[in-house]
Amino acid sequence: MHGAEYQTGAGSDHPLASLHDQEVPCVVCYTPNTNVVMVPAKTTCQHGLALEYSGYLMSSYHQHSSRTNYVCIDGEAEALDDSHGNQDGALFYFVEGQCGSLPCGPYIDGYELTCAVCSLPPTRTNSGL
């Protein structure tokens, strides 16, 4: 069994390029808010929702025969203990828009997709009424 690694394009000018081949830490985000949703291709939330974090949509390579889940990786992502192993276990690549079944407006062919994780704050009720 292998961990997961970032595949962010070593040597590129992308903000997460320095994480290439480093291990992805396993994290669980806690929020007192309810109804958390990941919104692809956005960096902000609709009115009434709280932004938990924003970043980049990542998944396995489209020609690999394994995972198909999309994950919103924080725009300020970190590596696990600054590790660097290149074991090629589970690999996280940036998800890019591809025109065709995906409309080319608002998406741009070949551009990486951003994402936002939004939550709905709990409603307050007047318990004395």
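The values are calculated or read from the model by the stated rules, or taken from the named source; none is laboratory data. Since the model is a prediction, treat every value here as computed from it, not as a measurement. Note: ideal-geometry Cβ built from the backbone for every residue, glycine included; neighbour counts use all protein chains shown.
Results, tabulated for the structure shown:
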quantity	calculated
Residue 41 touching a helix residue (DSSP H, G or I) at 6+ places or on another chain (Cβ under 9 Å) and at pLDDT 90 or above	no
Among residues of the range 37-58, those that are of a type in the set (Ser, Thr, Tyr) and in a strand (DSSP E or B), counted	3
Residue list for the range 85-124, restricted to those being surrounded by fewer than 14 Cβ atoms within 10 Å (Cβ to Cβ), among the charged types (D, E, K, R) and under 28 Å from residue 10 (Cα atoms)	88, 109
The range 107-129, subset in a loop (DSSP other than H, G, I, E, B) and among the aliphatic types (A, V, I, L, M), residue modelled with the highest pLDDT	113
Count of the range 16-36 residues which are part of a loop (DSSP other than H, G, I, E, B), surrounded by fewer than 16 Cβ atoms within 10 Å (Cβ to Cβ) and not β-branched (Val, Ile, Thr)	6
So residue 34, is it β-branched (Val, Ile, Thr), modelled with pLDDT of 90 or more and over 13 Å from the mean Cα position of the chain (by Cα)	no
Residue list for the range 60-77, filter: modelled with pLDDT of 90 or more and surrounded by fewer than 13 Cβ atoms within 10 Å (Cβ to Cβ)	76
Filtered residue count, the range 1-15, keeping only those that are surrounded by fewer than 14 Cβ atoms within 10 Å (Cβ to Cβ) and outside any loop (DSSP other than H, G, I, E, B)	0
